[in-house]
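This report refers to the structure that appears directly beneath it.
What follows draws every value from the coordinates through simple rules; no lab data is involved. Computed from a prediction, not measured in an experiment: that's the story for all the values here. Here the Cβ positions follow ideal geometry from the backbone for every residue, glycine too, while neighbour counts run over all protein chains shown.
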Amino acid sequence: MILTINHSAIRPIFPFTAIVGQEDMKLSLILNVIDPKIGGVMIMGDRGTGKSTTIRAIADLLPEIDVVVNDPFNSHPSDPDLMSDAVKLLLDSKKSIDVIRIKVPMIDLPLGATEDRVCGTIDIEKALTEGIKSFEPGLLAKANRGILYVDEVNLLDDHLVDILLDSAASGWNTVEREGISIRHPSNFVLVGSGNPEEGELRPQLLDRFGMHAEIRTVKDPELRVKIVDERSQFDRDPQFYLNKYYSHQVNLKQRIMNAQKNLATINLSYDLRVKISKVCAELNVDGLRGDIVTNRAAKAFAAYNESQQVTLDHVKKVIVLCLRHRLRKDPLESVDSGLKVEKVFSEIFVDNV
């Protein structure tokens, strides 16, 4: 049996398609939604540039998902990689399960969160006295099959960032205490944001984010007025404003769903893969994560544009977002890292055509 939730009482969210500017941020979020294996997005920029608004808007845009009723991990009713052990046991014993359709979870991780709050806790007393594994799920459980948003991630303790990145990469969270171990699915898109003036992430942690978008305060007075006017219209009459953008939202949602469906069929030629790796080598990018993420993002962008074949233009659009944050920092260097990526890309891709 499939149930649905009435969303009419939920506070309205500013529509994603109404957000003006910040194209790099919006594209990075869309591509990660199409292919969560890209590895998340790190968004660095000035205060008041719409980071939180945009992230909540992309979550609200996504199609609803089927989850098992009363399951704390948002378990998928049929995919073993996205369901808890309890649900697997029910299915193995041929018992019926109720399914409910919900909006994609959007979980905020507060800056002062403890490790127990993030990972969950095991009730040792109940385990020892009653022999029962009692687990209080944390934020990683609630974020399964959704988006986990960490504002001011550059101010978060490094060991918590490590935990988040490990769970995002593996799709599972393991909690161990006093010889008792519990594992549950934790497959989510990790989105971090921060202001570079308040400190940078360590390079080895920054490298673990799939894409990196840098955003700046809009300088054009006319564009600033347009942004303020759009927000004022939404605040004055949210329902009228949502109706105004309804068709745009539906079209983008369908475009994302089609891209998710077609992603596995997208072809990235050997020649383009070699050139991507040449760019990474020329830029002295450590490891192979840059190559892998660029390949994935280029395929996701091709799928988003309804193309079966990745082209040079697709690679050009995503490569800066995938490699900018992986370059070694030279304190004496004045050239922007994004410009360095563009220069090497042009030398290898364009000049050799």
Using only Cα atoms, find the angle between the long axis of helix 270-282 and the longest principal axis of the chain, and express it within 0 to 90 degrees, rounded to the nearest 10. 80
Given the chain, longest segment not containing exposed loop GluC sites (Glu not before Pro) (DSSP; at most 10 other Cβ within 10 Å): 1-177
Radius of gyration and maximum dimension Dmax of segment 264-350, Cα, Å: 12.9, 44
Length gained if K329 through D158 is fully extended, taking 0.36 nm per residue and subtracting the Cα-Cα distance, is 59.6 nm
How far, in degrees from 0 to 90, does helix 23-34 lean away from the longest principal axis of the Cα atoms of the chain, to the nearest 10? 40
Two-site FRET efficiency, N251 against D46, from Cβ-Cβ distance with R₀ of 30 Å, rounded to 0.05: 0.50
Helix 289-304 vs. the chain, principal-axis angle (Cα, 0 to 90°, nearest 10): 90
About the Cα centre, charge dipole magnitude for the chain (Lys/Arg +1, Asp/Glu -1 at Cβ), debye: 1020
With +1 on the Cβ of every Lys and Arg and -1 on the Cβ of every Asp and Glu, the dipole magnitude of segment 264-350 about its Cα centre, in debye rounded to the nearest 20, is 200
In deg cm²/dmol and to the nearest 500, what is the mean residue ellipticity at 222 nm of the chain if only DSSP H runs of at least 4 residues count, each as -39500 (n - 2.57), divided by the residue total? -13000 deg cm²/dmol
Could you tell me what % of all Cα pairs in the chain have separations over 34 Å? 31
Nitroxide proxy distance, nm - points 7 Å out along Cα→Cβ at D108 and D92: 4.0
In whole Hz, the Karplus estimates of ³J(HN,Hα) for segment 86-95 (6.51, -1.76, 1.60; θ = phi - 60°; x where Gly or Pro) are 4, 5, 4, 4, 4, 5, 5, 8, 6, 7
With each label point set 7 Å from Cα along the Cα-Cβ vector, what nm distance links V69 and T311? 5.0
Exposure proxy check on T49, T294: fewest-to-most Cβ neighbours within 10 Å is T49, T294
For L323, L223, what ranking results if the residue with the fewest other Cβ atoms within 10 Å of its Cβ goes first? L223, L323
Positive-end residue, segment 264-350 charge dipole about Cα centroid, Cβ charges, pick of V318, L288, L339: L288
Order by neighbour count: L272, L242, fewest other Cβ atoms within 10 Å first, most last. L242, L272
